[in-house]
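Trainee: This structure is in structure tokens; I'll ask about it shortly.
The values are calculated or read from the model by the stated rules, or taken from the named source; none is laboratory data. Here the structure is a predicted model, which is why all the values come from computation and not from measurement. Here Cβ is always computed from backbone atoms with ideal geometry, including for glycine, and neighbour counts include all displayed protein chains. Note: areas computed on protein heavy atoms with side chains; ligands, DNA, RNA excluded. Shrake-Rupley method; radii C 1.70, N 1.55, O 1.52, S 1.80 Å.
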Amino acid sequence: MFYHLATVLLAVLFFAQGKYVRRVTPKLPEPEGLRKGIYGNGSPTSLLIMGDSSAAGVGVELQQYALAGSMLNALGSHYQVAWELMAKTGDTSTQLLEKIQQLDTHQHYETVVISIGVNDVTGLTSSAKWTHNLGLIAAALQKKLGAKRVLFSSLPPMHLFPALPQPLRWWLGTRAKHLNALAQDVCHSQPHCHFISAPFPIDQRFIATDGFHPGALAYQLWGEYLARVLQEQLTKHN
């Protein structure tokens, strides 16, 4: 109730603060490095990572230090991973769904990891649209790509982002928590779809220079955590 009241009463302030943040926040590039390949030794498996700027690794200079590289480093001693990264800065759940619908149906991945939602928060995607998109994304990945599991990584704690001033930080953070809850509900209702509450430490050591994206240490913790979850599932079903 208070959130909706604040949305109405403070709309002009939120808009002004949003414009200020976009103006002063450094625009970091996506990291250089491979986005597709085969990595590691062991049992063969396949992995697709999709999503927005965090999935793409914004905040570090090289892919080996980003989410994909961190997951591969953790998985590589046990699995030979045929992997691919399809992520782009600025993408929302709507844009991600459109890209999945356009994918070649001859491509197959056992596991798809998705990090999406921050741009849905800042772009004010409605709850109904967000829920609808996630359901279609999970279904399309299983139908088109033969995914045996879809792992939705939770949105980060935007209420703690140092780049965001108050009360905008609180307002966006509250919205992010709400989208997380909705994503969890979608995953519970979809077969082979899992909501992963990822550990996102908020400390200056873990934040990129823009105050908004993960730094190398955060990507390492995040990637290792997702790799452990995936390894548990692979072990369980082998």
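Trainee: What order do T94, T45 take when sorted by accessible area (1.4 Å probe), most exposed first?
Mentor: T94, T45
Trainee: A follow-up question, please. Just to confirm the number: angle between the C-alpha axis of helix 11-24 and the first principal axis of the chain, 0 to 90 degrees, nearest 10?
Mentor: 60
Trainee: Can you figure out the FRET efficiency of A181 with S43, using R₀ = 30 Å and their beta-carbon distance, to the nearest 0.05?
Mentor: Once rounded, the FRET efficiency stands at 0.30.
Trainee: Have a look at T131, S154, L28 and report the one farthest towards the positive end of the charge dipole of the chain, computed about the Cα centre with Cβ charges (Lys/Arg +1, Asp/Glu -1).
Mentor: The listed residue farthest towards the positive side: T131.
Trainee: At a Förster distance of 25 Å, what's the computed FRET efficiency of K27 paired with R205, Cβ-Cβ distance as r, to 0.05?
Mentor: So, using R0 = 25 Å, E works out to roughly 0.65.
Trainee: Roughly how big is the chain's charge dipole about its Cα centre, with Cβ charges of +1 (Lys, Arg) and -1 (Asp, Glu), in debye to the nearest 20?
Mentor: For this selection, approximately 360 debye.
Trainee: While we're on this one: Run the dipole for the range 1-112 about the Cα centre, Lys and Arg Cβ at +1, Asp and Glu Cβ at -1, nothing else charged, and hand back the magnitude in debye, nearest 20.
Mentor: Here the range 1-112 has a charge dipole of around 440 debye.
Trainee: Quick one: accessible surface of H78, probe radius 1.4 Å, all protein chains present, in square angstrom to the nearest 10.
Mentor: Roll a 1.4 Å probe over it and H78 shows about 90 Å².
Trainee: For an R0 of 41 angstrom, estimate the FRET efficiency from the Cβ-Cβ distance between A139 and Q231 and round to the nearest 0.05.
Mentor: The calculated FRET efficiency here is 0.95.
Trainee: Shifting gears a bit: Can you give the accessible area of W170, probe radius 1.4 Å, in Å² rounded to 10?
Mentor: Using a 1.4 Å probe on the heavy atoms, I get roughly 80 Å².
Trainee: Excluding residues fewer than 8 places away in the same chain, name every one of the lysines whose C-alpha is closer than 27 Å to that of K129.
Mentor: Hits, sequence-local ones excluded: K19, K88, K99, K143, K144, K148, K177.
Trainee: PRE reach from A16 (point 7 Å along Cα→Cβ): which of the range 139-166 fall under 15 Å by backbone N?
Mentor: 165-166
Trainee: Okay, moving on. Rounded to the nearest whole Å², what accessible area per residue is found for the range 105-151 with the 1.4 Å probe?
Mentor: It amounts to 38 Å² per residue over the range 105-151.
Trainee: With all protein chains present, how much of the accessible area of the range 114-155 (probe radius 1.4 Å) comes from carbon and sulfur, to the nearest whole percent?
Mentor: Carbon and sulfur together cover 59 percent of it.
Trainee: Filter the GluC sites (Glu not before Pro) in the range 60-139 to those in DSSP coil with at most 15 other Cβ atoms within 10 Å of their Cβ, and list the result.
Mentor: E61
Trainee: Counting only residues 5 or more places away or on other chains, whose amide H sits under 5 Å from the amide H of Q80 once H atoms are built in the peptide plane?
Mentor: The answer is G42, S43, T45.
Trainee: Cut-off 20 Å, label point 7 angstrom out along Cα-to-Cβ of Q80: give me the residues of the range 17-60 whose amide nitrogen falls inside.
Mentor: The answer is 35-48, whose backbone nitrogens lie closer than 20 Å to the label point.
Trainee: Which value, in debye to the nearest 20, describes the size of the charge dipole of the range 153-229 about its Cα centre when Lys and Arg Cβ atoms bear +1, Asp and Glu Cβ atoms bear -1, and nothing else is charged?
Mentor: 120
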